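The values are calculated or read from the model by the stated rules, or taken from the named source; none is laboratory data. What you see is a predicted model; the values in this text were computed from it and never measured. Heads up, the Cβs are rebuilt from the backbone with ideal geometry, glycines too, and the neighbour counts pull from every protein chain shown. For accessibility, only protein heavy atoms count, side chains too; no ligands or nucleic acids. Shrake-Rupley method; radii C 1.70, N 1.55, O 1.52, S 1.80 Å.
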Amino acid sequence: MEERYFTIGMAGHIDHGKTSLTKALTDVDTDRLKEEKERGISIELGYASLKLEENLFVSIVDVPGHERFIRQMIAGVAGIDLVILVVAADEGIMPQTEEHLEILQFLGVKRCIVAISKMDRVDEVMLELVTDDIKDRLSGTVFHNAPYITLDSLSGNGINELKQLILSELKTMSFRDAYGSFRLPIDQVFSVQGQGTVVRGTVYEGIVRKAAQLMVLPEGIPVRARQIQVHHEERELARAGQRTAINLGGIDRTAVKRGDVLVDSGHFLVTDTIDVALQVIDRKFSAIKQRTGVKIHIGTSEVMGKIVFFDRKELEKTSDEVLCQIRLDEKIVVRRGDRFILRRPSPVETIGGGWVIQPNGGKYRFGKGTIDMLRQHQQGTPQDLVIDALNKYILLDHQQLMQQTSLDEHTLNETLSEGLAAHVWLEVPRQGYSLTKTFIKIKDDVLERLRLFHEDFPMRVGMGKAELIQTASTGYPKSLLEFSLNLLDEQNEIKRFGQFVALAPFEPDLPKKWRTRMEQIVEALEKDGFQAKKWEDYFVGTPLPKPEIAELTAYLLETSQVYQLREDTLIHHTAFEQALDQLQKNTGAFFDLKQAKDILNLSRKNMIPFLELLDQLNYTRRSEDQRHWMEDKR
């Protein structure tokens, strides 16, 4: 049976018994600091392990309840699967309980157990009143169907019943899988003598193994997992849903802090501008004006920034979801879908919370167009996100797609496979992915460029590939153009001659405008045979422009209709082939200059250049005074 890991949060007002309940469930006192012992309140996050049955493991996070320690509470709640809302029977719902409820909902926590503590201090009438009050308060929240239990942590009443209730709730929940790259938002950093730097946190996704090479973001510091512990027990690995402590090699304690993120790959995006969907609190608050300074809590990080609206000048109480942007003072590590809490730094109050639509936000115009774009991003499927990223960046590799879409590795891999099967995008070997429609655009562009080139230079075998790529590369990456040319070649849309590219049906030919005149020149050259004049003399008195003469010369040579006998003289291919045929028929395996001259009856002026041309074309190989026929040319 597969092992399952969950994290449960204890939330509620100060002194309502969260820490006592955690100890009653786990026999672990999570008030570990001296100050906590003396003051009787939780300052830092406390963790304990709860074993309910075989293959099901639970970490309990006892988060601080006092208002002054709300940031630790937010860091602790981020990443929990189930919350136990602790309400003292002798006090009922209190201000801190209200704020914790808001934060829990903004962070996307959907499952809750209401534990009414200190039941031994009140009678049944009071207990019923408190229960009704809590139910009334939760009626408009995602927790309206939460199960209730009454208990007393000191006497142990209701503790076993709570364990069974937790077990039944967890069995109906999907647990975090270990697909994707490892990510651990760090909420505690400390040093252990003789061991070095240790970080703690809840594994959001993936698996980390002992000795793994990791990285601390956003600074990008490489580290190694020297040791891994899960609730004080040394392990070979830790996986999504587990609380873990990792002893890091290669980093000083001062170089890492709460809010940093430990990862195992470069798939994660470091950003300072995020597009978000924001839901504000359900009570009146002072209006938030455009570009007001705010504090965002996301994962375990706590960062100042400015809020930017695109459809309003200020934010007041509203039931509508607000699509906006947070421009941060520091870089953070986030993915699409990550939850956050937004607070006003002064006066300190929670404004709302929501989730990240786009981790890599840009600068947008104020107005409906931007809101429509954000709404499209908000509603996008994984495939839509990949399409948006490839529309923007044309060609992205796997790591870049993970950064731009903020999809986990498993989801991205499935999406890429589906998109390839449906021909939505193409895989460019060793480069990444690009949209099929981008290839079609490139195809149309390349074919049109070649068509125009053939019109301008009909006598050339094709356009130089380097020139073609150079002219098109302003809009597309060169590697994508190379891939596109290969694909067009496979599809018989184009053909290649060495470094030249042409449309598949194209054949070089004389231009219509000058065809008759050029044919006359070629016929004259053929008639002259080895008595050919200087090439330039054939154009004396003709209207052919110099560029056309150069084009004709290159065309005739490249198509082997003529051969270069001397620097200034060409001979027609028929003259060359007749001489070659005569020489091959009337010589043995080798011959000398005198034999060739007797057979062909050419002047020394033409004889030596002709024999050198044979050498150049690999028909013969000269050895001292003799020439040997190349076997494959006989």
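Summary table below
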item	result
Inter-site label distance for Glu418 and Arg517 at 7 Å from Cα along Cβ, in nm	6.4
Cα gyration tensor shape of the range 483-630, rounded if a/c is under 1.5, else prolate or oblate by comparing a/b with b/c	oblate
Residue-wise HN-Hα coupling along the range 17-22, computed from phi with Karplus coefficients 6.51, -1.76, 1.60 (Hz; x: Gly, Pro)	x, 5, 5, 5, 5, 4
Table column - 3J(HN,Hα) (Hz), the range 433-450, Karplus curve with 6.51, -1.76, 1.60, x for Gly and Pro	9, 9, 5, 4, 5, 5, 4, 5, 4, 4, 4, 4, 5, 5, 5, 5, 4, 5
Cα centroid separation, the range 428-458 to the range 544-612 (Å)	40
Reachable aspartates and glutamates from Lys597, criterion Cα separation under 18 angstrom, eight or more residues apart if same chain	Glu577, Asp581, Glu612, Asp615, Glu624, Asp625
Protection proxy ranking, peptides 546-553, 280-287, 84-91, 566-573, average beta carbon neighbours within 10 Å, highest first	84-91, 566-573, 546-553, 280-287
Gain in span if fully extended, Lys392 to Thr411, counting 0.36 nm per residue against the direct Cα distance	4.8 nm
Linear extension gain, Glu631 paired with Glu490, 0.36 nm per residue minus alpha-carbon span	47.3 nm
Whole-number accessible area per residue in Å² for the chain, which is evaluated in the context of all protein chains at 1.4 Å	47
Cross-link pairs beyond the 29 Å C-alpha cut-off, checked among Lys317/Lys368; Lys18/Lys295; Lys306/Lys478	Lys306/Lys478
Of all accessible heavy-atom area on the chain, the percent that carbon and sulfur account for (1.4 Å)	46
Full-stretch length increase - Gln193, Ala211 - with 0.36 nm per residue and alpha-carbon distance subtracted	4.5 nm
Between the range 85-119 and the range 129-160, the alpha-carbon center distance in angstrom	9
Enclosed volume per residue, in Å³, of the convex hull spanned by Cα atoms of the range 346-472	184
Anisotropy class of the chain from Cα gyration tensor, a/c 1.5 cut	prolate
Partners for Lys534 among lysines (Cα-Cα distance below 19 Å; same-chain residues under 8 apart left out)	Lys546, Lys605
Computed label-point distance, nm, for sites Ile159 and Arg451 using a 7 Å Cα→Cβ extension	8.2
Anisotropy class of the range 254-380 from Cα gyration tensor, a/c 1.5 cut	oblate
Principal-axis tilt of helix 368-379 within the chain, Cα atoms, nearest 10 degrees	80
Over the chain: helical MRE at 222 nm, DSSP H runs n ≥ 4 each giving -39500 (n - 2.57), nearest 500	-10500 deg cm²/dmol
